[in-house]
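Notes follow once the structure below has been shown.
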Amino acid sequence: MSFKKDLISLSPFTISLIYLVVASLWILLTDRLVEFLLKDPDKITIIQTYKGWFYVTVTSLGLFYLISKYDEIKNMLTKKQKKDLELRTKLLEKIPVMITMYDPKLEKMEVNQEYTKVTGYSNVSTNTLDLMEACFPNEEYRKEVLEFMNQPEKGWKELVLTTKSGDQIYNSWTNIRLTDETQVGIGVDLTEIRESENELKERNKFIESIIDNIPIGIAVNEIDTGEAILINDQFSDIYGWPKNIITDVEDFFNHVYKDADFREKIKKQTLEDIMSGNPEKMHWEKIPIDRKDGTKKYINAKNIAVSEQNLMISTVLDVTNSVLAEKELKDSEERYRHIFQNNPQPMWIYDLNTLGFLEVNKAAIEVYGYSKEEFLSMKISDIRPVYEHENLKNAIKNIGKENDNEREWIHQLKNGEERIVNIYSMGIIYENKQASLILVNDITEKKKNKELLIQSAFEGEDKERKRIAQELHDGIGQYLSAVNLNMESIKKEIPNLTDKKQVRFLNTLSIIKKAIKETRALAYTLMPVELDEYGLLLAIKSLSREIEGSFGVKIKNAISEIEDILDMNMKSNFYRIIQEAFNNAIKHGEADFIELTLKHENEFIYCRIKDNGKGMNTNKLNEATGLGIKSIKARTETMSGELNIKSKPGEGLEITIKVPVKQTSRI
């Protein structure tokens, strides 16, 4: 029995009723019994008195027990009510759903915290406004909602509720009725669900848009039936057949592959690859297909199995242009290979990383004397003399940094013969390697003839210089010396002349001496006697002293013993180069300090002339140079040397010449 029932059974009315019934029965029964057993009135009176006290005592105890039991049950019921109230409060406040409690007439409504959180309306609001009108401002819609609320246990209904902020939210409600006729509404906020659904719809639209516009054909087939449930436009366009024709697998193969043998072959291969379940096998490349318009295309196809959903996703990419380009490239490579192999000029391809030969043509084998097998085991340094290796290293470092596709080199044949060649290079990809294609033009004879011509010109110039210098020295120089002696011999007689004639005589004598000095200097400049008689070293020292004395320029010389390894032409060329460099430094550079280095090192003669003059812009060297630099360049070329000029405005000028000692053996 519940506490409530116990409490009702022991109510004050029940206790009073029990007392009345018991008292009536006691009086009636005991009075009858006493009168029946005793006849003496006095004894009856005494017994009646005892009987009264006994009844009062027993009933008092009974009443005390009943009242105590009533209070105990009442206290227990009060505790249970408090506990039930606490549970109800917690459920109302903590449960993450909206709850409303209201009487059937909707005169009083109570809401929980979740309802307040979602709608903005609290229990305070329900006391000051019509909550139904606020949440459902449309009268017709509000009537529909009220009708639903008055039909509890009818299931769930989706409603659109207006929040305190004016937003409309989606929620789902159901109603239950308690035993005391109180109705409870339970609501679930569907806003996030609706937003997710809308986001999913938008995402699906986005995916559908991608599928429709992506340049890849996509089809989705059911695995068990093979029926296509989705084909995008690109899939149909690539294969060249309407969607309704290629929906069925059999129809697809029959239309797309006209040749029966090839159709069976590709069908068998495709089905076997799909049945293997291996994703790597479900990828087919450069497959030829037949289109409805009669044209042929090439495709790459890939299938992705989604077994748990009984779906097979097929993707297809049109690679026709790529396949045709590869074919054309292959044909082109074959043509270029023919041109490469049959070119009368030596050609080869070498690896830019290892410098090893990758391919050589017939002309290279014939000219250089190596077999193809020998070439392919060599590096490009192996066909260059040792003294060219340093230049080769520097050139390799600068590959890609400067436009140097044409360059002059010294190559060495298998028999040891050296040839001067022009190299034309072009960067290519060969066998997936960074490589360079080389065309060789042998200019040995041309170079030899050019150098001989230039050397002849310089030799003729030197001879003419020598002749003019000799004439100046032996002719005009002697005449001027004779005039000077005659003038000196009559100098003692000038006191007999007038003052005016004495001044004129002395001026004439001064002019004659100056003419003699300049004639001697000119003759020396044209052809220094020291170069022929004493060699290059003394000639350079004499030239330096002459310039220091004439122009006040400081010259620092660092010259090693190189006389024995230079022939007369090279000595003359080096002297003229140094002479021109000194003149340029003084005349154009306005320098007051010049440093000269001339040395023999690693099979090369190095000549370096550096000054502290005004300098120049080397980017305009070709268009700004005069005869001096051109003469230096020409004389360097006759010795098969390299000329390098470094300068910046305001930082002086540096000329470096590098000449191979064995240059005469190549001409």
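From the list ILE454, ILE423, the one residue that fits, being within 19 Å of GLY641 (Cβ to Cβ), open to solvent by less than 40 Å² (accessible area, probe 1.4 Å) and at pLDDT below 70, is ILE454. The residue pairs whose first member lies in segment 273-289 and is of a type in the set (Ser, Thr, Tyr), whose second member is open to solvent by less than 80 Å² (accessible area, probe 1.4 Å) and outside any strand (DSSP E or B), and whose beta carbons are closer than 9 Å, counting only pairs six or more residues apart or on different chains, are SER276/MET282.
Which residue out of ALA585, ALA591 is modelled with pLDDT of 80 or more and part of a helix (DSSP H, G or I)? Only one candidate qualifies: ALA585.
Within segment 639-655, work out how many residues are of a type in the set (Val, Ile, Thr) and either assigned to a loop (DSSP other than H, G, I, E, B) or under 14 Å from ILE605 (Cα atoms) (or both). Steps first, answer last, please.
Start the filter on segment 639-655 by keeping residues that are of a type in the set (Val, Ile, Thr), which leaves 645, 655.
Subsequent filtering for residues that are either assigned to a loop (DSSP other than H, G, I, E, B) or under 14 Å from ILE605 (Cα atoms) (or both) retains 655.
Here the count works out to 1.
Has segment 270-277 got at least one residue that is among the small types (Gly, Ala, Ser) and in contact with a Ser or Thr (Cβ under 7 Å, 6 or more places away or on another chain)? For segment 270-277, residues among the small types (Gly, Ala, Ser) and in contact with a Ser or Thr (Cβ under 7 Å, 6 or more places away or on another chain): absent. Of the helices (runs of 4 or more DSSP H) contained entirely in segment 464-578, those carrying at least 3 residues that are modelled with pLDDT of 70 or more, open to solvent by less than 90 Å² (accessible area, probe 1.4 Å) and among the small types (Gly, Ala, Ser) fall at 536-551. The strands (runs of 3 or more DSSP E) falling completely within segment 178-247 include none with 2 or more residues that are open to solvent by 80 Å² or more (accessible area, probe 1.4 Å) and in contact (Cβ under 8 Å) with a residue 60 or more places away in the chain.
Considering only residues that are among the small types (Gly, Ala, Ser) and within 42 Å of the chain's Cα centre (by Cα), look in segment 239-281 and name the one that is farthest from ILE304 (Cα to Cα). Don't jump to the end; show me each part of the working.
Taking segment 239-281 first, the residues among the small types (Gly, Ala, Ser) are 240, 260, 276-277.
When the remaining residues are screened for being within 42 Å of the chain's Cα centre (by Cα), the result is 240, 276-277.
On the way: GLY240: 22, SER276: 12, GLY277: 9 Å.
Among residues in segment 239-281 that are among the small types (Gly, Ala, Ser) and within 42 Å of the chain's Cα centre (by Cα), the one farthest from ILE304 (Cα to Cα) is GLY240.
Cβ separations smaller than 8 Å between residues 6+ apart or across chains give the following pairs from segment 146-159 residues that are in a loop (DSSP other than H, G, I, E, B) to residues that are open to solvent by 100 Å² or more (accessible area, probe 1.4 Å): PRO152/ARG177; GLU153/ARG177.
The values are calculated or read from the model by the stated rules, or taken from the named source; none is laboratory data. As the structure is a prediction and not an experimental result, all values here were calculated from the model. A quick note on method: Cβ atoms are made from the backbone with ideal geometry, for glycine too, and the neighbour counts reach across all protein chains shown. Areas reflect the complete protein model, heavy atoms only, side chains present, ligands, DNA and RNA absent. Shrake-Rupley method; radii C 1.70, N 1.55, O 1.52, S 1.80 Å.
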